[in-house]
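Report on the following structure.
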Amino acid sequence: MRILVTGGAGFIASNFIRHMLSAYPGYHIVNIDSLTYAGNLENLREIESSDRYSFVKGDICNSDLLRGIAFDAIIHFAAESHVDRSILDAQPFLQTNIMGTYTLLEEARQRGCVFLHVSTDEVYGSTEEGFFHEDSPLRPNSPYAASKASSDLLVRAFGETHGVKAMITRCSNNYGPFQFPEKLIPLVILNGLSDKPVPVYGDGMNVRDWIHVVDHCRAVDAVFHRGRAGEVYNIGARNERTNIDLVKMILKEVAEVRGVDEGRLLDLITFVHDRKGHDRRYAIDPARLEGDTGWNPRVDFREGIKNTIEWYRANEAWWQRILSGEYREYYRTQYGERLRA
Ligand code: NAD
Ligand code: DAU
C-alpha cells in the first residue's frame, strides 16, 4: 500500500509518518509538502533514507503534480495551521486549506481512493459548557477555523455527490516533539529555558483540551484502518486546562529541571492583549472514536509535558536552527546534493 501523506514536514504529519513506518512494515509513505515556514525536513531526518519513504516537494494545489504520483490512499494533514497568522492574513489559509483540499478530493475521485481528512475541533467554535460532538453545529470564529470548516464541507460534499470514500477527524490541541515554537506549549518551554517573557493572551482563562501528538497519530491510524467511510470522528483525551494553569505547570517543571527558583520563572508570565475573536473553550467528546475503533489515549498529561520539555532540552540544535532560520536550508543542502549525485 502506498499512502500519500500531505504536509509531512510539519509537526503532526512528521510524527505520523514515523508512526506508520514503524507500525506497518508493508506500507510505503509518499510525503508531499511545499515546505512553507512550518515545513521542516529535519523533522524526518531519522527516516529519510528508508526505502519505504519518498518525498515530493510540491503544492497540494498543483493537480498536474499530484496526477504524476503513484498512491492508493490519501491522508491529508497539509494546512496553514496557526490562528494568529490567519488573523493577520487569511489568503494562504483559503488557498491551501480550501483549494488544496479540493484539488486532493478531485484526485481521490479520479482514482477511487480513500481520503482521510485531518481537521480540527476549532470548526465547532467555542463552547462555555458541555462537549463538542460530531453533529455539533459548525461555528468557526477565526479565518483559520473557517477555512478548515470549508474544507470539511467539501469533503462531505465529495462523499455525498461523487462517492469518494472519505472520513474526517477533528482533533483537539496537540503537543509533543517537533512542534513549531509559535504554538503555546513549545513557546512557553523555550522562553522558560531562556528566561524570556511568556506572553499570555487576555486573562489566561481560555480553556484548551490537550492531547499528545502520538495519541493523535494513533487515532488517525485507527480511523484509517477501522473507521467507517462517510463518518466524522472527534479525537481528544478529555484533558481541559486553562491557559494560565497550563503555563504555570510548564514553567514549574522547567524550573525543576533547570534547578532554578520557580518564582523566577513564574515572573516571566506577561499578560498581553487578547487574540481577536479568541475562542473561550474547546472540549471534545471522543466516544464515537473509542466505540468504533477501540482507540484510547495512552499518554498521561504530566508525563507527556515532562517528556516534551526533555525533548526540547535534548534537541536544542533543532529549535536553534528554527529561531535562526537555518532550518530552511536543509532541503537545499540535503536534497540538492542528492539530486546532483
Ligand atoms: P504545521 O503547520 O506544523 O504543518 C503544516 C505542513 O503543511 C507544513 O509542513 C507545511 O509546509 C505544509 N503545507 C502548507 N501548505 C502547503 C501546501 N499548499 N502544499 C503542500 N504542503 C503544504 O501543522 P500541524 O500543526 O502539524 O497540523 C497538521 C494538520 O492537523 C492541519 O491540517 C491542522 O489543521 C490539523 N490539526 C492541528 C492541530 C494542532 O494542535 N496543531 C490540532 C487539530 C488538527
Ligand atoms: O484546537 C486545535 C487547534 O489547536 C488546531 O486546529 C490549530 O492548528 C492549533 O494551532 C491550535 O490552535 P490554538 O489557537 O488553540 O493554539 P495556540 O497554541 O496558538 O494557542 C493555544 C492557546 O494559548 C490559545 O487560547 C491562545 C493562547 N496563547 C497562544 C500563544 C501563541 C497565548 O496565551 N499566548 C501565546 O503566545
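Every read-out reported here was derived from the displayed coordinates using simple, explicitly stated rules and does not represent laboratory data. In this text the structure is predicted, and so the values were computed from the model without any measurement. Counting neighbours? That spans all protein chains shown, and the Cβs are built from the backbone with ideal geometry, glycine included.
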(request) Kindly indicate which of LYS196, LYS165 is within 12 Å of ligand 2 (Cβ to nearest atom), more than 20 Å from ASP121 (Cβ to Cβ) and not polar (S, T, N, Q). (result) LYS196
(request) Determine which member of the set LEU154, LEU138, LEU187 is within 11 Å of ligand 2 (Cβ to nearest atom) and of a type in the set (A, V, I, L, M). (result) LEU187
(request) All but one of (1) out of contact with any Leu (no Cβ under 7 Å at 6 or more places or on another chain); (2) free of Cβ contacts under 8 Å to residues at least 40 places away in the same chain hold for ALA149, so report the exception by its number. (result) (1)
(request) Just give me the residues in region 277-314 being touching a residue at least 24 places away in the same chain (Cβ under 8 Å), among the acidic types (Asp, Glu) and in a loop (DSSP other than H, G, I, E, B), in sequence order. (result) ASP279, ASP285
(request) Working only within region 266-276, note down all residues that are acidic (Asp, Glu) and in a helix (DSSP H, G or I). (result) none
(request) Please go through region 182-223 and pick out each residue that is part of a loop (DSSP other than H, G, I, E, B), more than 13 Å from ligand 1 (Cβ to nearest atom) and among the acidic types (Asp, Glu). (result) ASP195, ASP203
(request) Output the number of the condition that GLU182 fails; it satisfies all remaining conditions of (1) near ligand 2 (Cβ under 10 Å from one of its atoms); (2) among the charged types (D, E, K, R); (3) touching a strand residue (DSSP E or B) at 6+ places or on another chain (Cβ under 9 Å). (result) (3)
(message) Residues that are under 26 Å from SER136 (Cβ atoms) and either part of a strand (DSSP E or B) or of a type in the set (A, V, I, L, M) (or both): does region 251-264 have at least one?
(response) no
(message) Could you check region 70-118 and list, in sequence order, the residues that are within 16 Å of ligand 2 (Cβ to nearest atom), in a loop (DSSP other than H, G, I, E, B) and of a type in the set (Asp, Glu)?
(response) GLU80, ASP89
(request) From the list SER119, SER172, SER81, SER194, pick out the single residue that is within 17 Å of the chain's Cα centre (by Cα), without any contact (Cβ under 8 Å) to a residue 60 or more places away in the chain and either surrounded by fewer than 19 Cβ atoms within 10 Å (Cβ to Cβ) or within 25 Å of VAL299 (Cα to Cα) (or both). (result) SER119
(request) Inspect all residues belonging to region 234-252 and state whether any of them is within 12 Å of ligand 2 (Cβ to nearest atom), without any contact (Cβ under 8 Å) to a residue 12 or more places away in the chain and surrounded by fewer than 18 Cβ atoms within 10 Å (Cβ to Cβ). (result) yes
(request) Select the strands (runs of 3 or more DSSP E) contained entirely in region 1-69, then report the ones holding at least 2 residues which are buried (at least 24 other Cβ atoms within 10 Å of the Cβ) and in contact (Cβ under 8 Å) with a residue 24 or more places away in the chain. (result) 2-6, 28-33
